[in-house]
Structure formats: C-alpha cells, structure tokens
Amino acid sequence: MKPTFEPTDDGVEIIDRIERHRYQLTTHSPVSIESVDCDRIQYPVDSAVRITTDTITLPTTHYVYVRDQTGSMVAEVKPDEQASLPKGEYTLDLSGPLKVYAQVNSSIQVYSDPERTHIGLDGRTAVVLGARSYHTRPARTITTTTKPTDLMQAVSTFGSALKTTTPDRSYPTLRGHPPAIERGDKLVIPDGVEQSKTGIKIQTPPTYRHIFTVGPLAYYLGAKVVPGTQPRLTTDTGYSYSLDRQKGFESTVKRVLQHIFFLDCISRTEGISPLPLHNRHSIESIFDDDMQSVYDQPIEKQVQTYLEIPFSKIRPYIPDWKFEIRLTPSSRFIEFLPFVTNCLAPIYTQDGDRQDLSDLKDEIDAISDFTRSPFTRDMEVTRSNAPTPEPRDPPASVQQRWSGKNGPELISTAPLSAFKNSIDRSPRDEPIEVDVVCNDSDMREEVKSVDSTYGDREELPVNVRLHYNTSTQELRKILATNSDFLHYIGHIDVNGFECSNGKLDGATVKNSNVKAFLLNACQSHEQGLYLINAGSLGGIVTFGDVANSGAVRIGSVIAQLLNQGFPLYGALDVAKEESIISQQYQMVGDGQTTIAQAETVVPNVCLVNKENSDITVKIKMYGSVRAEKGAVFTPHLGSVSSYYIVPGSTEYIPVSEENLREFLNEGRFPVVSNGTIYWSDEFDFQ
C-alpha cells in the first residue's frame, strides 16, 4: 500500500539538494534538467526532475536496491558485489544522507571500487530522479495562549506534519517537523495546519505536566489531545488504553511510544522499503495476523493490535533508546514543545529550572576531586584556578539526557535559542569553516594535534583558520563570523574568555555565528550558554577544572570524531570509552548538532573484543540530524545481512581477523578495544 504523501518543494531544487549532499551525476555530455511531477516516482518524494546521463556515481560505497514495476525487490547489491540486469523498467534506491530514487528504462550495471559505487546505464538514458530529505525545521507557526485547553488544541495539530499515517512514518524522512508555537493573546491556527484524521484521541487532565508528557506520542499518532479526568488513549472504534499504569504516568507514556514505534519499524518491512530488519522473525510470530495484514490496517486498528501484545514480549528486542528530555511544567516552556517533540524522545517533568543542573554540578565536582587527587593531579597544570561560578540569571532551558553505562549521564543544557537558531541556518554549499583559537602559548600542543585533524577527509573540503593570543576585539570578530565550528584552547573563568588584553565576557557577545564549538578550558559552561543565546546551536563545555594534559587528548579525540560526522553527544560518548577526564565535559545547546556529514551516513563506533584468537565485534550507532530515530544501518561485516534500527547497536558478532580487516578498510571510523580509541585505518591487531 503506497502511503498518501504531500510533496513540499519545487522539483527544480532537487539537483542543488543532491549536490549539497555530495551525490555526483556524471555524463559524457551536458546534463539536461527538466522538472517533473512527483507522481512520476513510484515512492514518496519531495521533488523530482528528469535528466539524461550514462552513469550515476555515489561519493562513497553504498548498498543499491533495485525494484521492478510492481515494487518487488529484484536485486540488493552490496558494496563488495556486482550486478547486471537486462533492459527493463527499474527503480533504484540510492539512499544516503537523503532519500534518493532513480527511475530508469535501461539495462543496469552496479559495481563499486574501494571508494565509490557506480551505476552504469545503457548509453545516454533518461533518468527520473526523486529526493526526499529530512525536515528539520517547522514550516508554520501556531499562536496559543497559556491556557492548557488552548495548548491542547495546538499540540493536536502536531500530527499535521506527518507525511503518512502508515507505519512508514517511522522513517524519519516521512515525519515533518511539528509547527512552531508562540505565545499570544488568543489561539490562532493558520490555514494549512489541520489535525490529522487518525481516529485517535489522548485524554489527559488539562495541566502542563500532562500535556508536555504526551506531546511526542500525540505527534507520532496524529492524535487529538482532549481534557479528561484520567490519562487515556482512545480510538473511534471504541478501544481504550490507560496511560497511567503501575510505573506511573510518564513511564507509561514512554513505554507506549516505544511499543508502537518499534512495532511500526517491524511492520513497515511490508511497505515501501521491504528491507530485512534484524529481529523481525522473532517478532512476527507474536502477531495473530500476518505482517502484511497488520501493515494494511488503519492506524487506529494498528494501535490496538500493537498494544494488545504484552510489552514484556517485545521489550528484549527494542533498541536501547537512551535519549530523554527533562523540563519544568510551566508556561515558560510552551515554545519548546515542537522542538523537543520532533525527536520523539520521552519527556519527563521536574520542579524548578535548575534542580538537575545542581545535581549535575555535584556529580562533575566529585569526578573533578578524584582526578585532581594527590595521586594523579597534584602537580598537574590546569586551565583555570578560579572558583566555579554560579550561572547568572540563566534562561529557561530543557535538559537533553543520554543515559550511559560509563559514568554520569551525558547532559546538555538547551535554552530555546538553541532550537530557534537552527531555523534560519541553511546548509552551506561552500567548504566547512573551522576556527581554532589558542590563547595560551603553553597549550599549542593541542593546536598541532587538531590542525591536521580538521579537513583530513578528501571528499569533505574544510578551511581551517588558526588564531593565537587574540585580543577581546579579535575574538569577538571571530565569533561574529559565519563559520561551522570554533575550537577554543585557553583559559575561561567567571569573567569570561582570557584574551591578550583582558577578558571577553560571553554575556556581552551579541552575535555568535559559529554553528558549534568546543570550549576546551576550565569552567566554560556558563560562557558556552551565552554563545548559544547569541546565535550558536550547540557546544561542548566543562563545569570544573581540567588538567592540561588530559584536555589535549580529549580535544584531539573530540575533533576527530566531529570531523567524522559525529553529533556532539556521540563524540562525548565515544571519548568516555577511553578517559575518565572526559566525564568533566558536558554540553550546552542541542547535543545532536553536527558539523560534518558522516562518511558512513550513520555515525558509528566499532567495539572490538579479543580473547585469545576469538574476535567479536559490536557496532554502536548514533542518531544525528541526518540519521534520526527510525533510520536503518547495516554494517558490511562478515555474514551480517540484516538492518538495525538507529540509534542502537548490534549484538557482539563473531568475526575472523580477515573479516575484520576487510571491514576496517571500508572507511574511517572509531574503534574501541581494551579501553583505547583507535581509528579503523590505524587499528593494532596485536
């Protein structure tokens, strides 16, 4: 069943979008471009064009999926395989950082060299290209009062951003961003923003706590949120399910969202992308009906089918989704709702804006005391000697949290500006711009380490500018320059960034046009928040003092990971595999911010376990702007032929040394073994 889909962009934009994401189209003669209707592509796309070409070359090695006119898969070509198909009408799925389909009437030859995948056609051939990208910003704005009942109506429109109500909406490219919300004197819902007609309602007491908590679930189900005495999900068919069960309201809502989303990922394998999903065979036996019948059910019936399956039966198979949002249930947080809802993370409420911030500070201080104990840090130079400052009148902020097994949670303090700043920031067509500032001559070792790191990817042009001993005016100018990343090395205290002629207080910075930053200095959390309020999206900061030697290593590791397309939180998570010092680092702004596109599309780390001659490998995959919740990934590793849901991880997979060597040669990505971080092209097999 093809989902209903409303295209949103002009077809003439498709070539620019493909080029921006580094797809390459080659031909022996000039390419003619003609806009065509999106219906010319068999699958849902935003825009489409017809071109004439003889070869399509992808910038990296890719799986290529070929379907015939009926939608049946006729070939799945892995990067280490070749395939030739006779002349016919085919649709090729060339998806990488965005969903790209090529529709041809030609013979096809698919093959890969060590760096790229090529699709050869039967001479100059007409190709209809269609693309569907991630929708990372709201298209419209709703005005609401602070009355909970008005807010309920506003949240009820979030589902209007869904591109389909079939299980395929679990793919991130089929979920648009919920409309933005601003506070006003009356409720105003603009034309074009309509509540989805899914036949699903969420009844809940009209309080901020209840409305905020059900936001992600209402969005994903296209549900109408209405006042009720008890939290409950109901459908027009008469089905009813309590949202306040044994573990409480918030935990129940989280579980229901995970339950429905995961089973959508399973049943969508009968839809537009019938990929072999890991654990499907274990799950499908739980259903009374066959998977095709479940996929074809209307959404209100699917929800009932899913929730009638005990959660305990599917819990062992659900990926370990560790991301959650914490906020205060007050009117100050109404405008956050579309942004925190969009990522489908469970929302927990708390009392007081700074409750968890103080908890985090205590946790960081305990680690800092340990790392600066007489046994390890008595003679170590740190990057500050000033007392840890208290934030000055902090703005309302939510907390993004990623729970982890290696010490404290990863936490980002995100004011509303972090999300709003992303709305007006367009993707860059020119090379990535990185500024490295070193304001202490004794810390130039870190500059040497990171200078060769940024821009070491041949396919990713990067301009790196080095600055030494800047003045306050020079640093202010660097911050105001439109760039992708600032790597600051030096000293920071309660009065600001230490410069050659004094201190630059971030509170006085009016424009920070650097997309993201690493403030590799002591006590940089507060100054980082000022940069977010001035225009930046996200950054990595510290709460306490950091030893210089440890900061150099962490700065180098984080630089390499960000350069390879890891989001801020992913870079910190990998860094914590190696060093306890990294646990003194946290984030401000949106922790999912990236500065580069991952070579493997989905950022991932390879965990290698060696016992004698036995080798097992586990791949951990991170969500990012280009690989949001519900995307899929398969490692080109040994006998693995199934796909895993992002974010998540594989099980430990037994491999031979030869298999592992082949896998590590397929790209550059981090490898962790025995508590040490390597890179795949430098891994020590001894």
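The values are calculated or read from the model by the stated rules, or taken from the named source; none is laboratory data. Predicted model, so just to flag it, every value in this text is computed and none were measured. All Cβ positions, even for glycine, are placed from backbone atoms using ideal geometry, and neighbour counts span all protein chains on display. We work out accessible area using only protein heavy atoms, side chains counted, and drop any ligands, DNA or RNA first. Shrake-Rupley method; radii C 1.70, N 1.55, O 1.52, S 1.80 Å.
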Worksheet item: Is the stretch 234-253 home to any residue that is modelled with pLDDT under 95 and acidic (Asp, Glu)?
Response: no
Discussion item. With under 27 Å from Val294 (Cα atoms) and open to solvent by 10 Å² or more (accessible area, probe 1.4 Å) as the only criterion, which of Gly248, Gly199 stands out?
Written reply: Gly199
Worksheet item: Can you name the condition, by its number, that Asp288 falls short on among (1) under 27 Å from the mean Cα position of the chain (by Cα); (2) at pLDDT below 95; (3) of a type outside the set (Val, Ile, Thr)?
Response: (1)
Fill in: Scope the stretch 79-134; condition open to solvent by 30 Å² or more (accessible area, probe 1.4 Å) and over 26 Å from Gln597 (Cβ atoms); matching residues
Gln82, Ser84, Leu85, Pro86, Lys87, Glu89, Asn105, Gln109, Asp122, Gly123, Arg124, Ala126
Worksheet, complete the sentence: Thr166 vs (1) more than 25 Å from Asp290 (Cα to Cα); (2) polar (S, T, N, Q); (3) open to solvent by less than 20 Å² (accessible area, probe 1.4 Å); (4) in contact (Cβ under 8 Å) with a residue 24 or more places away in the chain: all pass except (1)
Item to complete: Could you tell me whether Val608 is at negative phi and either among the charged types (D, E, K, R) or not in a loop (DSSP other than H, G, I, E, B) (or both)?
Response: yes
Worksheet item: Pick from Thr234, Thr229: which is out of contact with any Gly (no Cβ under 6 Å at 6 or more places or on another chain), surrounded by fewer than 21 Cβ atoms within 10 Å (Cβ to Cβ), in a strand (DSSP E or B) and polar (S, T, N, Q)?
Response: Thr234
Worksheet item: Taking the stretch 283-305 on its own, how many of its residues are among the acidic types (Asp, Glu) and exposed (fewer than 14 other Cβ atoms within 10 Å of the Cβ)?
Response: 3
Practice prompt. Could you check, for the stretch 132-147, whether at least one of its residues is in the same structural domain as Glu194 (by the TED database) and part of a helix (DSSP H, G or I)?
Written response: no
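Please work out which residue is least open to solvent (accessible area, probe 1.4 Å), limiting yourself to the stretch 135-148 and to residues that are of a type in the set (S, T, N, Q) and more than 19 Å from the chain's Cα centre (by Cα). Before you say what the answer is, go through the steps one by one.
First, pick out the residues of the stretch 135-148 that are of a type in the set (S, T, N, Q): 136, 141, 143-146.
From the residues that got through so far, the ones that are more than 19 Å from the chain's Cα centre (by Cα) too are 141, 143-146.
Numbers: Thr141: 66, Thr143: 27, Thr144: 0, Thr145: 17, Thr146: 65 Å².
Residue satisfying both the conditions and the ranking: Thr144.
Each row is one residue, and each column tells you yes or no for (1) touching a residue at least 24 places away in the same chain (Cβ under 8 Å); (2) closer than 27 Å to Asn279 by Cα.
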site	(1), (2)
Thr593	yes, no
Leu607	yes, yes
Met621	yes, yes
Val632	yes, yes
Ser641	yes, yes
Glu651	yes, yes
Asn659	no, yes
Phe683	yes, no
